[in-house]
Amino acid sequence: MNHTAIKPPAVGSHDDWLVSMPKADLHVHLVGSAAPATVAALAARHPDSGVPADAGELAAFYKFRDFPHFLDVYKLVSDLVRSPEDVVTLVAGMAEDMARQGTVYAEVTVTPVSYISAGINPGELAQALDIGVAAARACGVELAWVYDISALVERAGAHRTLDAALHHPPAALTGFGLGGAETGVSRAGFRDEFAAARAAGLHSVPHAGESVGPGEVWAAIEQLGAERIGHGIAAAADQRLLDRLREDGITLEVCPSSNVATGVVPSLAAHPLPRLLAAGVPVVLGSDDPPMFGTSLLEEYRRVRDHLGLTEDQLHALARASFEASFAPAALKRRLAEAGAVGCELPPGLA
């Protein structure tokens, strides 16, 4: 089935208060955050990639038939990043985009095996991410990192991810995740890697319940010790699970436009976010892979208001929750939650 692309974010919207309201993005992937111009420039460097080298053609390239098709496209884009300089370019561009929409903090998912496969060693990756943090700070944006296992890789890839996290971490590494396919890939199969990461002080933030049923959300909680869960929307079908999420304060990182674009939800109007909120489940909004899904974190706030009827008070509550559910130090949470408009002055060579 072909899924219609969601209308791109509005330009020049009158919602100034939404722009100036400080926000944190706790569910965004580094490669998926790349603006069309950045992707096109990288594709031009690597004409064998299969990715359009024209920014205008990317809109059609990003129309996904279903979730597996999205994963195929995501891998092609990921394969464009082949040097530490490419990594820094991605981070700097992401920070500029965040600054424009009032996102002052983000915990960004990075999949180390993608870069290792491209010839970037774990130490080089960590150094590039450290440089990226400094570039983001010049934009008024604080970044932290989540290293995630891609469920599509073989077991050796899971071990390489853990090794990078434990022995070659960037300074701002805060979490350990699991993304990619869920069908036929049990969360429980990664319990050993998550146990080791948690023992080292990393927070557990796996994806679960995005494209399959609530059983994988249960597995993420009981087998991986999940403190937050990426997506988790399948929980809406299981009242006992909703109660568990509420009682244990486990936050769901909900990405409505992503769910529609990949076909796991038929429309924004049909999204289970209102049911999750009504059940008292802790929820934050995430942008996931924003340019791929024709959105941004700011646009997600607009869309849940316009399509799901969330009130201004609810939007403010979601923004506050985004800081509360983060793993930032308490003092930084307070400062960022009260931040005003941010500006972006990239260091020389990154502008």
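The values are calculated or read from the model by the stated rules, or taken from the named source; none is laboratory data. Keep in mind that what you see is a predicted model, and the values were worked out from it rather than measured. Heads up, the Cβs are rebuilt from the backbone with ideal geometry, glycines too, and the neighbour counts pull from every protein chain shown. Heavy atoms of the whole protein, side chains included, go into the accessibility calculation; ligands, DNA and RNA do not. Shrake-Rupley method; radii C 1.70, N 1.55, O 1.52, S 1.80 Å.
The requirement of being modelled with pLDDT of 80 or more, in a helix (DSSP H, G or I) and touching a Gly at 6+ places or on another chain (Cβ under 8 Å) is fulfilled somewhere in the stretch 38-61, by at least one residue. Residues in the stretch 170-188 that are at pLDDT 95 or above and either over 23 Å from G263 (Cα atoms) or assigned to a helix (DSSP H, G or I) (or both): P170, A171, A172, L173, T174, G175, F176.
V205 - would you say it is farther than 19 Å from V153 by Cβ, modelled with pLDDT of 95 or more, buried (at least 23 other Cβ atoms within 10 Å of the Cβ) and of a type in the set (A, V, I, L, M, F, W, C)?
no
What's the number of the condition A261 fails, among (1) in contact with a Pro (Cβ under 6 Å, 6 or more places away or on another chain); (2) small (G, A, S); (3) open to solvent by less than 20 Å² (accessible area, probe 1.4 Å); (4) modelled with pLDDT under 95? Among (1) in contact with a Pro (Cβ under 6 Å, 6 or more places away or on another chain); (2) small (G, A, S); (3) open to solvent by less than 20 Å² (accessible area, probe 1.4 Å); (4) modelled with pLDDT under 95, A261 violates only (1).
In the condition set (1) open to solvent by less than 10 Å² (accessible area, probe 1.4 Å); (2) at pLDDT 95 or above; (3) closer than 25 Å to F323 by Cα, E227 is compliant with all but (1). Of all residues in the stretch 301-329, exactly one satisfies the criterion of being closer than 13 Å to A269 by Cα, without any contact (Cβ under 8 Å) to a residue 12 or more places away in the chain and surrounded by fewer than 16 Cβ atoms within 10 Å (Cβ to Cβ), namely D306.
Just wondering, is there one or more residues in the stretch 265-272 that are surrounded by 16 or more Cβ atoms within 10 Å (Cβ to Cβ) and either of a type in the set (S, T, Y) or closer than 15 Å to D25 by Cβ (or both)?
Filtering the stretch 265-272 for residues surrounded by 16 or more Cβ atoms within 10 Å (Cβ to Cβ) gives 265, 268, 271-272.
Filter once more, keeping what is either of a type in the set (S, T, Y) or closer than 15 Å to D25 by Cβ (or both): none.
The answer is no; no qualifying residue exists.
Considering only residues in the stretch 82-124 that are assigned to a helix (DSSP H, G or I) and open to solvent by 40 Å² or more (accessible area, probe 1.4 Å), the one that is farthest from P290 (Cα to Cα) turns out to be E124. Scan the stretch 147-169 for residues that are closer than 13 Å to V113 by Cα and not in a loop (DSSP other than H, G, I, E, B) and report the count. Going through the stretch 147-169 one residue at a time, the tally reaches 15. When every residue of the stretch 276-296 is checked against the conditions, at least one turns out to be more than 21 Å from the chain's Cα centre (by Cα) and part of a loop (DSSP other than H, G, I, E, B).
Cβ-Cβ distances below 8 Å connect no pair with a first residue in the stretch 82-96 that is modelled with pLDDT of 95 or more and of a type in the set (F, W, Y), a second residue that is assigned to a helix (DSSP H, G or I) and open to solvent by 20 Å² or more (accessible area, probe 1.4 Å), and a separation of six or more residues or different chains. Of a type in the set (A, V, I, L, M) and at pLDDT 95 or above - does that describe any residue in the stretch 331-346? Within the stretch 331-346, none of the residues are of a type in the set (A, V, I, L, M) and at pLDDT 95 or above.
Within the stretch 199-221, residues that are farther than 15 Å from T109 by Cα have Cβ atoms under 7 Å from residues that are open to solvent by 20 Å² or more (accessible area, probe 1.4 Å) and assigned to a loop (DSSP other than H, G, I, E, B) in these pairs: E210/V264; S211/T183; S211/V264; V212/T183; P214/D238; A219/S186, counting only partners at least 6 apart in sequence or on another chain. Quick one: in the stretch 158-188, which of the residues that are in contact with a helix residue (DSSP H, G or I) (Cβ under 6 Å, 6 or more places away or on another chain) and either farther than 21 Å from V28 by Cα or hydroxyl-bearing (S, T, Y) (or both) is least open to solvent (accessible area, probe 1.4 Å)? Here the answer is T161.
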